[in-house]
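Trainee: Dumping the structure here so I can ask a few things about it.
The values are calculated or read from the model by the stated rules, or taken from the named source; none is laboratory data. Keep in mind that this is a model prediction, so the values were computed, not measured. In this analysis, Cβ positions are derived from the backbone assuming ideal geometry, glycine residues included, and neighbour counts consider all displayed protein chains.
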Amino acid sequence: MKANKTAATGALSASIAHELNQPLGASNLNIQFLKMKLEKGVLNPELDKEILDSLEADNRRAATIVKSLRSIFAEGEANAQEVQLGDLIAKVLDIVRPELKSKNIQTQLRVDDDLVIMVNPSEIEQVILNLVNNAAQALANSGTLQRHIAIEATKIGEVVRLCVSDNGPGVPADFKSHLFELLSTTKQTGMGLGLWLCKHIVTRYSGSIHYEDTVGGGAKFVIEISSS
């Protein structure tokens, strides 16, 4: 039991480090590129603004990760409040837009108006961010030429349903039953924290998350949370 707990703690620490290393690593590459251009005196205002936008997005992404982890693992209440799901989706897309653009990934949105849920906004932002990042990474590692991530949100009765899907390779059949385990990882995603963390957050609000194959063979994650 102690060995299992130690292994899980080590895996969690490594996965958190991986989550943070992604935006920090991307920021470092952009900083080095800007320094090289400064040294050569070949600054381009349009390109430089794009790089600075990417740096800002990576900084916000890292801050979102830290903020959500702090609230998730802190003792006490989840500090839930009424929030518009559409606003959270828009905020996440602002963060990931530079990365999606660099990977030639298009987004398709079908989000109903006035989808109010009672949650800690930073936590649900992290859930959406994880799902979109996973989809983007799967698409980038695939041979798919026309890459799409679809985000759909609607209300069914008293439940708000959020779906994030892609037209990538999907999840291997022998891995589906382990998707939400802490120690799970695939060559496509390379990390074992994201989906475990998504489930941990969603279940805090008595919600659910599950995986489905899309008609075209891609991945689809479905979240259901009671409306406020």
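Trainee: Against the condition hydroxyl-bearing (Ser, Thr, Tyr), out of contact with any Cys (no Cβ under 7 Å at 6 or more places or on another chain) and surrounded by 16 or more Cβ atoms within 10 Å (Cβ to Cβ), how does Ser122 come out, does it pass?
Mentor: yes
Trainee: Residues in the range 76-86: is at least one at pLDDT 95 or above, under 17 Å from Phe221 (Cβ atoms) and in a helix (DSSP H, G or I)?
Mentor: Looking through the range 76-86, at least one residue is at pLDDT 95 or above, under 17 Å from Phe221 (Cβ atoms) and in a helix (DSSP H, G or I).
Trainee: If you scan the range 33-58, which residues turn out to be of a type outside the set (A, V, I, L, M) and touching a Pro at 6+ places or on another chain (Cβ under 7 Å)?
Mentor: Result: Asp53, Ser54, Asp58.
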